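Taking it in order: structure first as structure tokens, then the write-up.
The values are calculated or read from the model by the stated rules, or taken from the named source; none is laboratory data. Being a predicted model, the structure only gives us computed values, none of them experimental. In this analysis, Cβ positions are derived from the backbone assuming ideal geometry, glycine residues included, and neighbour counts consider all displayed protein chains. What goes into the accessible areas is simple: the full protein's heavy atoms, side chains included, and nothing from ligands, DNA or RNA. Shrake-Rupley method; radii C 1.70, N 1.55, O 1.52, S 1.80 Å.
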Amino acid sequence: MPRLPEFDETKLTEAQKAVYERISSGPRGGVRGPFKALLQAPELGDLVQAVGGHLRYSGGLPGDLRELAILVTGRHTSAQYEFFAHAPIGIDEGLDPAIVEAVRTKREPSFNDEKTETVYRFAKQMNEKHNVDDATFEAAVAQFGHPGVVELVVLCGYYTLIAMTLNSFRITPPEGEEPFSD
């Protein structure tokens, strides 16, 4: 059962309305999932959504690799909404559906390119160990430079924050998705 009051956009405070408008008029196209919870603290929610907006729409990593890091984080944290919201985005961005399915079922994916494998290993280690080994770090720097590595770290951290928000407020997966069990 969700832990938030029923969302009613007609009863927002002025601060909530301002944030709601920024989110709904931007590339997200609407206020869904974690943002309904984050509107409970609109000033903080606005900062959080701005970071996420930058990562998703202005970051330097290609979309398929960004989404892979998000999916690995969402699955590691058992954030149902996060995983199921981003799986189709990842596929639309060019991520192999077999990789998405392997992440969903907690199996080791097969990779056809080094960059995808590096992002997977990086995100997996960040989520499991909260750090990466030297070989993975060096591979990521060689492929994405230090700015790309910073972005990978922040992606994993940001989507862990989103996962904690989703899980704490029991925000369910998008309609029609069959939740995974751990």
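Just to confirm, what accessible area per residue do you get for the stretch 1-137 at 1.4 Å probe, in whole Å²?
Values: 7130 Å² over 137 residues.
That works out to 52 Å² per residue.
Counting only GluC sites (Glu not before Pro) that sit in a DSSP loop (anything but H, G, I, E, B) with at most 16 other Cβ atoms within 10 Å, what is the longest stretch of the chain containing none of them?
Numbers: sites that count: Glu6, Glu93, Glu175, Glu177.
Between exposed loop sites, the widest span is 7-92.
Can you list the lysines whose alpha carbon is less than 28 Å from that of Lys129, not counting same-chain residues fewer than 8 positions off?
The reachable lysines, counting only those whose Cα sits under 28 Å from Lys129, are Lys106, Lys115.
Could I have the simple spin-label model distance between Glu178 and Leu44, label points 7 Å from Cα toward Cβ, reported in nm to one decimal?
Simple spin-label model gives 3.7 nm for this pair.
If you compute P(r) over Cα pairs in 5 Å bins from 0, in percent for the structure shown, which of [x] 1, 7, 12, 16, 21, 20, 12, 7, 3, 1, 0; [y] 1, 9, 19, 24, 23, 16, 6, 2, 0, 0; [z] 1, 8, 17, 20, 20, 15, 10, 6, 2, 1, 0 do you land on?
[z]
Using a Gaussian network model on the chain with a 10 Å cutoff between Cα atoms, which of Thr73, Thr118, Thr105 fluctuates the most?
Thr105
Charges on Cβ only, +1 for Lys and Arg, -1 for Asp and Glu, centred on the Cα centroid of the stretch 94-171; of Met164, Asn131, Val154, which one is farthest towards the dipole's positive end?
Farthest towards the positive pole: Met164.
Could you tell me the distance between the Cα centroids of the stretch 25-92 and the stretch 108-145, to the nearest Å?
20
Filter the trypsin sites (Lys or Arg not before Pro) in the stretch 87-182 down to the DSSP loop ones having no more than 13 other Cβ atoms within 10 Å, then list what survives.
On the way: sites: Arg104, Lys106, Arg107, Lys115, Arg121, Lys124, Lys129, Arg170; in loops: Lys106, Arg107, Arg170.
Those satisfying the criteria are Lys106, Arg107, Arg170.
Leaving out ligands, DNA and RNA, and with a 1.4 Å probe, what % of the accessible surface on the stretch 81-153 is carbon or sulfur? Don't skip to the answer; put the middle values down first.
Working: 1980 of 3880 Å².
About 51 percent, which is the carbon plus sulfur part of the accessible surface.
By Kyte-Doolittle mean hydropathy of at least 0.0 and Cα axial length of at least 24 Å, which whole DSSP H helices of the chain are selected? Write out the running numbers ahead of the final one.
Values: long enough: 134-168 (37 Å, 0.88).
TM-like helix candidates: 134-168.
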